[in-house]
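Each remark here refers to the structure printed beneath this line.
The values are calculated or read from the model by the stated rules, or taken from the named source; none is laboratory data. On a predicted model such as this, the values are computed, not experimentally measured, just so you know. Positions of Cβ are generated from backbone atoms using ideal geometry, with glycine treated the same way; all protein chains shown enter the neighbour counts.
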Amino acid sequence: MTMSLKKAFNICLLIFGIILPSMAQVSQATIEKREKRKNLTIKEWNTNEATKSKYLDHVTTYDDKGRKTEETEYANYGMKERTTYEYDEKGLCIKEVVYNSHNKPYRIRKFEYNADGTKKTQYNYLPNGKLETTKVFEYIFK
């Protein structure tokens, strides 16, 4: 084997021996987390210590597959912001829509992923559908 071919072979062994098993563990952890969240709604409440009044702060809803479908943040005047989530057949979030306190969308994000499930690109749209900005993710292993 030539030196560069030997080096490439060693790198492949490293990837299959270390990185892929750890990715599988992350995947298993994600699956276990989703199992616990199937059809779950979490309400977060705050209490004002001076007045002892209790008020809703946050509501997060999960679907029958344990994926977050909606998250709503509240303020003393009512809904502050609401975000909805859409997923592809692999269970990756492909779209987020953020709504303001008047329940009007003001930010839309769409995502593309690498083969290993890491985010590749995020597209940020205005409510009228016009692409505003693009974010590219770079992963550097040291």
Does LYS80 fit the bill of being more than 30 Å from TYR55 (Cβ to Cβ) and surrounded by fewer than 16 Cβ atoms within 10 Å (Cβ to Cβ)?
no
Within region 112-142, residues within 19 Å of the chain's Cα centre (by Cα) and in a loop (DSSP other than H, G, I, E, B) come out as ASN114, ALA115, ASP116, GLY117, THR118, PHE137, GLU138, TYR139
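On the given criteria, is THR47 on the phi < 0 side of the Ramachandran plot, surrounded by fewer than 15 Cβ atoms within 10 Å (Cβ to Cβ) and in contact (Cβ under 8 Å) with a residue 12 or more places away in the chain?
no
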Name the strands (runs of 3 or more DSSP E) wholly within region 58-104 that hold at least 1 residues that are in contact with a helix residue (DSSP H, G or I) (Cβ under 6 Å, 6 or more places away or on another chain)?
none
Search result, residues across region 37-63 that are at pLDDT 95 or above and within 18 Å of the chain's Cα centre (by Cα)
LEU40, THR41, ILE42, HIS58, VAL59, THR60, THR61, TYR62, ASP63
When you scan region 82-104, do you find a residue that is more than 28 Å from LYS135 (Cα to Cα) and either without any contact (Cβ under 8 Å) to a residue 60 or more places away in the chain or in the same structural domain as ASN128 (by TED's automatic domain parsing) (or both), even just one?
no
